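Undergrad: Below is one structure. I have some questions about it.
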């Protein structure tokens, strides 16, 4: 197959969508497919263009067998809803340089477009109309729904315009894929004309991310004692998670250490809030190298996977895949009936507490900091190997493309 991949995030971004996009494209290239990517300069999750790319503009590079076309974009230092729209729009406009060449000269077997940003689907839609190339619209987050539910944009007329554009794109897709059954259900409820939907979940390399002993953890390296009780949050530090609640809980539990690992637009605000509260038991750390991820995940006794109630089934936290593969224990905030709630409760891979409930989170941490969680940890590893293995998921996706897309 000759595949064009279009998305704002890509390798060498180590977390979030860029990680999965990079791994998928490189895997397909290793399988003998010709893969090209149109993407931005790496900027996530620090919201700062990576140093190696700061002085570069439009250029093409070959990364692990994949042809990657890079485009410049505007990256704000202070992230707001409006500035995020500017960032996304700047990428769409700058990527036109490559799209114009492709539309009039190159025909691919399929285009895979990753949302968010949701508006990226416009260019693959027109390419499909002009050249008859199948268009797979892969949805990692239901971005417009989330912006609406979280009240990030107050102008209802503008929100309605965004929903109209989203529906226009979705109706033009050959196939809509997403990462959970709950998200697919929400997409279907939009009353679309599309009749092809695909479950394409995020995955984990279970051979690399695996259970280790506490002696192999990063406790000593990060300044902790071997017998400290550590509650760990690892991932993007963003507003949609409701991370402020950790500060309130930490204030009431001074003997428990809280470890925040990652980057994101909300990190500086979190650091300021911790400083204002004069807390000594919350510490912040940068992202760790991939080859240290298993060591990092065994460092915490309890992992937190937090979401606001209004974000339920609009996103599925990608950090959970690594936690499960490492055989770690997690406290997860999720509403009953969501995909996340069902995964955790049915498979007993952690415990669920009410979203945005300070008391529920605090009580969960107190209870499970004293209990043996080995059964949950064993279940986590088993679940990851059975349902989240990278090779199995990507083989299934490749088979779907070959049997259902390039024959259209």
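None of the figures in this text is laboratory data; all of them are computed from the coordinates on show. Quick caveat: nothing in here was measured; it's all calculated off a predicted structure.
Undergrad: What label, among (1) 25.8; (2) 22.0; (3) 20.9, belongs to Kirkwood radius over Cα pairs in Å computed from the structure on display?
TA: (2)
Undergrad: Could you work out the relative contact order of the chain, using alpha carbon pairs under 8 angstrom and six or more residues apart, expressed as a whole percent?
TA: Values: 739 pairs, mean separation 56.5, N = 408.
Relative contact order, the chain: 14 percent.
Undergrad: Report the relative contact order of region 214-387, percent, no decimals, based on alpha-carbon pairs under 8 angstrom and at least 6 residues apart.
TA: Working: 290 pairs, mean separation 38.3, N = 174.
The value is 22 percent.
Undergrad: Give me the Kirkwood hydrodynamic radius of region 21-125, using the inverse of the mean 1/r over all pairs of distinct Cα atoms, in Å to one decimal.
TA: Numbers: mean 1/r = 0.0678 Å⁻¹.
Hydrodynamic radius (Kirkwood, Cα only) of region 21-125 equals 14.8 Å.
Undergrad: Determine the shape class of region 300-403: with a ≥ b ≥ c the square roots of the Cα gyration tensor eigenvalues, call it rounded for a/c under 1.5, and otherwise prolate if a/b is greater than b/c, oblate otherwise. Walk me through the numbers before you get to the answer.
TA: Details: a/c = 2.81, a/b = 1.54, b/c = 1.82.
Cα axes put region 300-403 in the oblate bin.
Undergrad: What fraction of the Cα pairs in region 213-307, stated in percent, has a spacing above 21 angstrom? Provide the component values of the computation, followed by the final result.
TA: Values: 1246 of 4465 pairs.
Considering region 213-307, 28 percent of its Cα-Cα pairs are separated by more than 21 Å.
Undergrad: How big is D, in µm² s⁻¹, for region 160-212 by Stokes-Einstein at 10 °C and 1.306 mPa s if Rh is the Kirkwood radius over C-alpha pairs?
TA: Numbers: Rh = 12.9 Å.
My calculation gives 123 µm²/s for D.
Undergrad: Given a 10 angstrom Cα cut-off, can you work out which residue in 228, 205, 109 is the most mobile in a GNM of the chain?
TA: Comparing 228, 205, 109 in a Gaussian network model of the chain, the most mobile one is 228.
Undergrad: Hey, got the Cα dimensions of region 97-233 along the principal axes, in Å, largest first?
TA: Here the spans come out as 62, 39, 31 Å, largest first.
Undergrad: Express in whole angstrom the spacing between the alpha-carbon centres of region 238-284 and region 66-92.
TA: 27 Å
Undergrad: Please find, in a Gaussian network model of the chain (springs between Cα atoms separated by less than 10 Å), the residue of 216, 263, 239 whose mean-square fluctuation is greatest.
TA: Residue with maximal mean-square fluctuation among 216, 263, 239: 216.
Undergrad: Just for the chain, what percent of DSSP beta bridges are antiparallel, to the closest 5? Present the calculation step by step, with values, prior to reporting the outcome.
TA: Numbers: 6 of 51 bridges.
The answer is about 10 percent antiparallel.
Undergrad: Using only the Cα atoms of region 181-247, each taken as one equal point scatterer with no solvent, compute I(q) by the Debye sum, divide by I(0), and report log10 of the ratio at q = 0.13, 0.14, 0.26 Å⁻¹.
TA: Relative scattering, expressed as log10 I(q)/I(0), comes to -0.73, -0.79, -1.15.
Undergrad: While we're looking at this one, here's another question. Given the DSSP H assignment, sum -39500 (n - 2.57) over each helix run of at least 4 residues in the chain and divide by its residue total; what's the result at 222 nm in deg cm²/dmol, nearest 500?
TA: Details: 14 runs with 159 residues, N = 408.
Theoretical 222 nm ellipticity from helices: -12000 deg cm²/dmol.
Undergrad: What are the extents of the Cα atoms of region 160-276 along their three principal axes, listed from largest to smallest and rounded to whole Å?
TA: Reported extents, whole Å, longest axis first: 57, 40, 20.
Undergrad: Relative contact order (percent) for region 79-210, with alpha-carbon contacts under 8 angstrom and 6 or more residues of separation?
TA: 20 percent
Undergrad: Based on the alpha-carbon gyration tensor of region 214-387 and its eigenvalue square roots a ≥ b ≥ c, which shape applies: rounded if a/c is under 1.5, prolate if not and a/b is larger than b/c, or oblate? Spell out each step's value before the answer.
TA: Numbers: a/c = 1.40, a/b = 1.12, b/c = 1.25.
Cα axes put region 214-387 in the rounded bin.
Undergrad: Most fluctuating residue of 304, 93, 293 in a GNM of the chain with Cα springs under 10 Å: which is it?
TA: Highest fluctuation among the options: 93.
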